[in-house]
Amino acid sequence: MTGLEVEGLLRASHIKPWRDSDNQERLDVFNGIMLGPAYDAAFDAGLISFADDGSIVISPLLPATQIAVAGISAGAVVPNLLDQHRSYLAHHRENVFATTFAQNRKSGPSNG
């Protein structure tokens, strides 16, 4: 997505948070994506998500002036998503992604 190739800086991020997953989902390789640190933190906080085609979806709670400052590209795309990823992404968009302040306060970071 970002071209980051330094393995020590990549994060294996759960799409459906650990706390919301059953044991099978926690170990499912399709319940994960590799993200750089800024993307991982924003994804866990519900400030970004990804559409089924892998394109980034940015929460209105992430100010436009802060997107690039945070190291996030509005044109980012997660490559190579498979159908098995899509149900987890749908869960993230519906249950983690923050579209309102009240929703963000209720859910908080997912500790993905």
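The residues of the chain expose on average 56 square angstrom of accessible surface per residue, using a 1.4 Å probe on protein heavy atoms.
Per residue of the chain, the DSSP helices (runs of n ≥ 4 H) give a summed -39500 (n - 2.57) that works out to -8500 deg cm²/dmol at 222 nm.
Taking the accessible area of region 1-95, probe 1.4 Å, and keeping the other protein chains in place, the carbon and sulfur fraction comes to 55%. When the GluC sites (Glu not before Pro) in region 1-83 are filtered for DSSP coil states and for at most 13 other beta-carbon atoms within 10 Å of their beta-carbon, the remaining sites are E5.
About its Cα centre, the dipole of the chain is roughly 400 debye, where the only charges are +1 on Lys and Arg Cβ and -1 on Asp and Glu Cβ. Would you indicate which of (1) 1.56; (2) 1.30; (3) 0.99 is the value of Cα Rg over 2.2 N^0.38 Å derived from the coordinates of this structure? The value matching this structure is (3). When peptides 54-66, 87-99 are sorted by average Cβ neighbour count within 10 Å, with the highest value leading, the order is 87-99, 54-66.
The values are calculated or read from the model by the stated rules, or taken from the named source; none is laboratory data. On a predicted model such as this, the values are computed, not experimentally measured, just so you know. In this analysis, Cβ positions are derived from the backbone assuming ideal geometry, glycine residues included, and neighbour counts consider all displayed protein chains. Remember, those area values only see protein heavy atoms, side chains included, never the ligands or the DNA or RNA. Shrake-Rupley method; radii C 1.70, N 1.55, O 1.52, S 1.80 Å.
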